[in-house]
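The values are calculated or read from the model by the stated rules, or taken from the named source; none is laboratory data. Here the structure is a predicted model, which is why all the values come from computation and not from measurement. Quick reminder, even Gly has a Cβ in these numbers, built from the backbone with ideal geometry, and neighbours come from all protein chains shown. Accessible surface areas use protein heavy atoms only, side chains included; no ligands, DNA or RNA. Shrake-Rupley method; radii C 1.70, N 1.55, O 1.52, S 1.80 Å.
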Amino acid sequence: MGHGPGLIIPINTTSQTERTLFVQSFRFHGSQQRHSKLKMGSELNPDWTELTWECLINIFSRLSMEQRWGGPMLVCKTWMNVCNDPLLNSVFDLETGFLSSIETWNWWTSEFAEKVDSTLMSVVERSKGGLKEIRVRHCTNESLFYVADRCPNLEVLSVKHCPNVTAEPMKMIALKCPKIMELDLSCTYAISHECMVMFGENCKNLQVMKRNNVPLSEVWMFESYENYMANQPIFTLVNIDAHAIGFYMPQLKHLEVRYLKMSDNALACICKNCKKLEYLDLFGCPNLTMSGVINSTSTLKNLKELKMPDFTG
């Protein structure tokens, strides 16, 4: 497809100093060691040009994707080819960069979404079917359709804060990626409960489900206020989502539904059917009552950690 490293999303990108260090190190060692071995103190100066493919993969695997694309990938063709190896493209994780970034003003533009899509599709192509983990925000249907067709071994899918993602590509992923074990659909409002039903029916190893919302006071940290208010799911749809979790995801061990406006009856459905739950996060759920939470969760024999709503307010 020809997506190059220049399209890497500018979130926590490698510094110019780091890039210069990579390039200068390679050029220095490559030119000088063709004539003689240089000594630094009592040790031989290592010749990076003689490192095997396997050794370079081992070294580059210790770098993040952003560090690889902004550093060794720019040094020479050999290192670029190593960075394109499927072994180094089994994980696509932009979440850390999003969490640490303070420049959020452009996240809602179509240009930014196109860059996220292009970067994701580039990694999908490089992985040659070996991509196992995707953690992304602000992508669109285009890249997720691409994922559905080319990532049969996907195990972790986090599609948070994606206002342009609808149900159709997610249904395709549910059908074509049955190995998914962890699913995070937090604050991606256009994904329907039918999608969740399909994930539950087709992904039999699904153990972690996250369907969190954010409180109004924190919306500015993640998305535009206008988008939040325009896409907030109504109360009845939230309860339908909860019932989809309860009836179709009985194998869950970890469930997060922070700030979801579900009822006591919806929670009871989850607890009655998801008996393997070990972790349950209900923090911020405004419509739950203390008695409802206690009665429902008392049946969860494997529950190790429960985050309760704040009933003091």
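Can you give me the % of accessible surface on segment 244-313 that is carbon or sulfur? Probe 1.4 Å, all protein chains present, nothing else counted. Before the final figure, lay out each step's value.
On the way: 1810 of 3500 Å².
Here carbon and sulfur together make up 52 percent of the probe-accessible area.
With each pseudo-label sitting 7 Å past Cα toward Cβ, what's the LYS204-ASN302 distance in nm, one decimal?
Between LYS204 and ASN302, the label points sit 1.6 nm apart.
Can you give the FRET efficiency for TYR279 and ASN58, using 1/(1 + (r/R0)^6), R0 = 25 Å, r = Cβ-Cβ distance, to the nearest 0.05? All intermediate terms of the calculation are to be shown ahead of the outcome.
On the way: r = 34 Å, r/R0 = 1.36.
Step by step, r from the Cβ atoms, then E = 0.15.
Shape call for segment 106-199 from the C-alpha gyration tensor, a ≥ b ≥ c root eigenvalues: rounded (a/c under 1.5), prolate (a/b greater than b/c) or oblate?
oblate
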